[in-house]
Amino acid sequence: MLLLHLAIAYLCGTVLADVLTPPAPLLWAAVGVGVLLALVLRRSAPGRTVALCLLCLAGALIRSQAAQIPAVERSIQQLVGYPEVQILGEVAREPRRTEEGQQILLATESARVGDERRAITGLLLVQLPPYPIYRYGERLLLAGAVQEPRESSRPGEFDYRAYLNRKGIFVMMREPAVRPQPGGGGNAVFAAIYQARDYCRQVLLRLLPEPQASLAVGILLGLQSSIPDEVYAAFSTTGTSHILVVSGWNFTIVAAVLAGLATRLKLGKGAAFWGSLAVMWLYAFFVGASGAVLRAALMASLMVLARTSERRSEPWTLLAAACWAMCVIDPNTLWDLGFQLSALATASLFAFAQPTERLVARLLPTHWPLMGSLAEALTATLAAQILALPIILYNFGNMSLIAPLANVVLVPVVPYAMLTGTITLVLGLIWQPAGEIAALSAWLPLNWLAEGALILARAPYAAVQIPPFPLWMLLAYYAATVAVIVLKQRADAAHEEEAATPS
């Protein structure tokens, strides 16, 4: 419970750092007060907890300020306003394919403005046509105008500039002239991982027809760029977009498979633990290491640690520890929408899965054949929506009315799509004819997902657009929900204590 309180205090400090900019002396004074209180109140558990929470809150403020990127004389932001500049740099991450083309992130090295060449630093987001395809580690010379990203034109609208600024990106270029340069290469490990993932993508695209191949690529490799627009829109309309991304479910399956494999091979606890961690984190970086993926990998790693040490893995503590660790590494992670949705959906399952399961059991005959798995899918869908849906509505205003039915129809098929897709990929990597045979079994579940989403998305009023609502209403909803969760947990604890007391 102490870890949960400390994590909440740290997350609150991260939020405060985005609203306030307290001076450094005040922050260090707060740290000193926290240390002093911890020493004075060390024999009092409540007092010690308050002091440690104050330390965590002050630490979050200090960490958030340290993570800010100051504008210096060599910053690339200084080039905004020039009609044309030449910028030399290296592709810092794997390029992202979009509907319009591709986006690359350039770690800049130098720039030429007129006849003057100067050293510069900073990240540059570049929007380019789909071809030619650029690679991680390539050195490029760009010629064009540097501009700031657009900001929101009205309150409540998505602020693209603020979104990029939280990622350390302050400027961009749109379709500049590009000339590849010698040298570069990037980090050898990341280059090898990205190259291997691209090769796996090509294997799946060769073995399966469309759109089944692109679905397999999205589910297994975390790449959604090749999914046809109509199919992607259908998953979005039906509230099943989570199927197309690598999430905690993938890591739960990976952890379970690794645990079973370790048992069969009769590996020791140490070997099984480190082997599981290595495989899971390699998979996390293999599929892109987004905020949601890192959170899922952290959660799975903590669960493996709890199982290895034979300690009870309390889910709230694991979730809090994972979120805390990610915000320590990068405070801006807290503002990533994918991370928010993933964490809120997980917390919602922890809090509301059991009451939702009881409600579904009253409405559906769960003892009928196949009804159990359908009830499980419906329970997970409804429970996750309680905390995740409000932030979806606040950001997008799109409510999927058909989501419960779509999740019941599609989600139970996902494990079979993952299993048959993995077998197809592995056999295709070893020997293509064997992969082509295995692809016959993968086609059916993948086709069920694609056609099912398309059919359900055509239903009348499958999704409706709701008017925007203010931020205070969103915060009030979450405050009321947290109050309900806390009161329910206290009531359950009191009931258990009363039942355990001998009469």
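Put in order of Cβ neighbour count within 10 Å, fewest first, the listed residues LEU344, LEU449 become LEU344, LEU449. A P(r) calculated from all alpha carbon pairs of the stretch 76-186, with 10 Å bins opening at zero, reads 14, 48, 31, 6, 0 percent. Using a simple spin-label model with pseudo-atoms 7 Å out from Cα toward Cβ, GLU314 and ALA491 lie 2.2 nm apart.
About its Cα centre, the dipole of the stretch 202-471 is roughly 740 debye, where the only charges are +1 on Lys and Arg Cβ and -1 on Asp and Glu Cβ. The calculated 222 nm mean residue ellipticity attributable to helices in the chain amounts to -20500 deg cm²/dmol, summing -39500 (n - 2.57) over DSSP H runs of n ≥ 4 and dividing by all residues.
Computed from backbone phi, the HN-Hα couplings of the stretch 262-268 come to 5, 5, 5, 7, 6, 7, x Hz, rounded to whole numbers (Karplus: 6.51 cos²θ - 1.76 cosθ + 1.60, θ = phi - 60°; Gly and Pro given as x).
Placing R0 at 56 angstrom, the Cβ-Cβ distance between GLN147 and LEU267 gives a FRET efficiency of 0.55 after rounding to 0.05.
Each 10 Å bin from zero holds the following percent of Cα-Cα pairs in the stretch 403-503: 12, 19, 17, 20, 18, 11, 1, 0. Rounded to the nearest 20, the Cβ-based charge dipole of the chain about its Cα centre (Lys and Arg +1, Asp and Glu -1) stands at 1040 debye. What FRET efficiency do you get for MET473 and GLU84 if R0 is 51 Å and r is their Cβ-Cβ distance, rounded to the nearest 0.05? Taking R0 as 51 Å, the efficiency between MET473 and GLU84 is 0.65. When Rg and the Kirkwood Rh are both derived from Cα coordinates, the Rg/Rh ratio for the chain amounts to 0.98. Pairwise Cα distances in the stretch 383-454 exceed 15 Å in 64 percent of cases. Distance between the 7 Å Cα→Cβ label points at ARG458 and VAL189: 4.9 nm.
Farthest towards the positive end of the charge dipole of the chain, among the residues LEU125, PRO445, GLY270, is the Cα of GLY270, using unit charges on the Cβ of Lys, Arg, Asp and Glu.
Values quoted throughout were computed directly from the atomic coordinates according to the rules given, and no laboratory measurement underlies them. As the structure is a computational prediction, the values presented were derived from the model and not from experiment. Don't worry about glycine lacking a Cβ; one is built from the backbone with ideal geometry, like all the others, and counts go over all protein chains shown.
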